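Taking it in order: structure first as structure tokens, then the write-up.
The values are calculated or read from the model by the stated rules, or taken from the named source; none is laboratory data. Computed from a prediction, not measured in an experiment: that's the story for all the values here. Cβ sites come from the backbone with ideal geometry, for glycine too, and all protein chains shown count toward neighbours. Only protein heavy atoms, including side chains, enter the accessible area calculation; ligands, DNA and RNA are left aside. Shrake-Rupley method; radii C 1.70, N 1.55, O 1.52, S 1.80 Å.
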Amino acid sequence: MNQRWRVIALWLLPIGLAMLLTWQIVGGTQTNSTTKTTASTVAPKNTAVARMSYGRFLDYIESGRVTAVDIFDGGRNAVVEAIDPDLDNRVQRLRVDLPGLAPELINTLKEEGISFDIHPAKTAPPALGILGNLLFPILLIGGLILLARRSNPMSGGPGQAMQFGKTKARFAMEAETGVKFDDVAGVSEAKQDLQEVVTFLKQPERFTSVGAQIPKGVLLVGPPGTGKTLLAKAIAGEAGVPFFSLSGSEFVEMFVGVGASRVRDLFKRAKENSPCLIFIDEIDAVGRQRGAGIGGGNDEREQTLNQLLTEMDGFEGNSGIIIIAATNRPDVLDSALMRPGRFDRQVSVDAPDIKGRLSILKVHARNKKLQEELSLESIARRTPGFTGADLANLLNEAAILTARRRKDAISLSEIDDAVDRIIAGMEGQPLTDGRSKRLIAYHEVGHALIGTLVKDHDPVQKVTLIPRGQAKGLTWFSPDDDQTLVSRAQLKARIMGALGGRAAEDVVFGKGEVTTGAGGDIQQVASMARQMVTRFGMSELGPVSLEGGNQEVFLGRDLMTRSDISDAIAKQIDEQIRSMVKECYSETYQLVSRNREAIDRLVEILIEKETMDGEEFSNILSEFTKIPEKERTISLINN
């Protein structure tokens, strides 16, 4: 209510001032017009038909030709009524520029008995004078008021000139995010840990009766799209306590000391509203390791982190404040930030398994129309490695395709096209060049042939010549759901599968006609072979890890790290990689050569149909050669 009356007063003040000035101007104008009307009956108007010089005016006075004089503008000019003998003694009104209202001129007019009148100069209305005097102070005060209103965060203005040190956290006494724990699926372990936090806030006696203390902080760790922020929204919707939410980047500013001041202001407000929750998204923006900068450690971000560490678990403590943070880069966080007492729990939010994907699909399919024969379980089995965000996007893309095709419900066809679009990109125009289409067909059939005939390779799901994204053709494989452990035979089979396209080009067209289409495949082969040698110990060099983990370089920590291997070992690594790739390519080349007739038949069918599923591909290939039976692990959904 105080804010409302303040706004009303700020509007009434300029409105009242404008009305006062308008009234004075109108009143002054009416007074002047009345004076002019009265004066017009007794005095001549300030008009003339010609001009004459001041000397001639004096001559006219001496000769007695002047009958009346009206002096205007404080004596600077006058209108003279004079008799002109050349015009039959008619009276003319002539204008004269005077040097000033000299007493000698007045005395001369009196002596000659000439009627004269002095008209006072026109004055501006008093309101204009007041306005001129008050204009600058009004502008100054108005500018200060506007600046103060814009700097007030409650007004929503973009300027924050006077609020640099104030926190930008969104505050809600009872956050209404529209998300509950029932809307979060696929992360049951993480949800259970966070439900305990909410239960403690609602029923603290349940834990304190046995001497338990709620964790002071919970760190959500996981790849992008797994539901970390969604879990935070669910906590906000379920907790029923004051909730602060902000991003780690909102602490950082270009001005020194601003970040630390915002941290202090955030915890000050939190203590005033305790018990409460604080959610910091992307905390790695402010919580990176200290002392890792190129220019030393005394930078603004580190001062902000120091203040955050002090507020979270310093001398004063922060009882009643629970901090929840999310990041997908826990490897770069400062060790002091991750210790117990600050973040007592680290909750891992990973990509869901098949049961998790099924539960996520059930949540996102609530408002979707699905055909009766479409099973969510089949979609869950088709999408290994998909995160919650990927699955939500999958159903949304399928719904868009359904509306575009003017169908009433989502079918398996829309699901397949949506999966292809998410993984490989938008569908392009079909190939029209016969030579390029045939070459790409041989390339893709080579991939599918190796994937089908090599026992340890993942089965073929689909082969297509329809371009998607940067790829002119695609071969899809359907891996097992749980592949956390991969054998040496499986890695070798994947290398052979990736080399199948180049081997098919080599066998059919010759070495002189191989194309750049296998560039991406060769990069994958080199990466897999190097990891087999240096990380997994699957070469003749023995079970020795010869390189560090395949992580992103963190500037300041890893930039100056020297290599752990000698030049001789590096040479042996290159030789092992080259030998492994040559061996796999030789086996792939022989396998393709022995099945040349089957390849030609499959290519003709693929060019005609443009898309073949894995079952059809296997049935046709089985007419020419024996297909090994692959061992498949079927994930159980119901325990």
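Were the residues from Ala526 through Ile565 laid out at 0.36 nm apart, the gain over their Cα-Cα distance would be 12.1 nm.
Close amide H partners of Ile410, meaning residues 5 or more places away or on another chain with modelled amide H under 5 Å apart, are Lys369, Leu370, Gln371.
What ranking of Arg404, Arg596 comes out by heavy-atom accessible area, probe 1.4 Å, highest first?
Result of the area sort, largest leading: Arg404, Arg596.
Database remark: amide H of Gly469 closer than 5 angstrom to the amide H of Met426, Gly428 (H placed geometrically; neighbours at sequence offset of 5 or more, or on other chains; Pro and chain starts carry no H). Once you order the gyration tensor axes a ≥ b ≥ c over the Cα atoms, which shape class does region 201-273 get: rounded for a/c under 1.5, otherwise prolate or oblate by comparing a/b with b/c? Oblate is the answer for region 201-273, as a/c is 1.5 or above yet b/c matches or exceeds a/b. Computed with a 1.4 Å probe on the full set of protein chains, the accessible area for Ile138 sits at about 70 Å². Once the C-beta distance of Glu616 and Ile423 is scaled by a Förster radius of 25 Å, the resulting FRET efficiency is 0.75 to the nearest 0.05.
Between Gln346 and Ser115, the contour length at 0.36 nm per residue exceeds the Cα-Cα span by 72.5 nm.
Highest mean packing first, where packing is the average number of other Cβ atoms within 10 Å per residue, the peptides 420-429, 342-351 line up as 342-351, 420-429. Once you have the Kirkwood Rh of region 477-520 from its Cα pairs, apply Stokes-Einstein at 37 °C and 0.692 mPa s and quote D in µm²/s. My calculation gives 268 µm²/s for D.
Bridging of Lys180 to aspartates and glutamates at a Cα separation below 13 Å is possible for Glu238, once same-chain residues fewer than 8 apart are set aside.
Just so you know, the Cα atoms of region 287-445 work out to an Rg and Dmax of 24.4, 76 Å. Excluding same-chain neighbours fewer than eight residues apart, the aspartates and glutamates reachable from Lys355 by a Cα-Cα span under 16 Å are Asp182, Asp183, Glu189, Glu377, Asp390, Asp480, Asp481, Asp482.
Placing a label point 7 Å from the Cα of Glu631 along the Cα-to-Cβ direction, the residues of region 437-471 whose backbone N falls under 11 Å of that point are 456.
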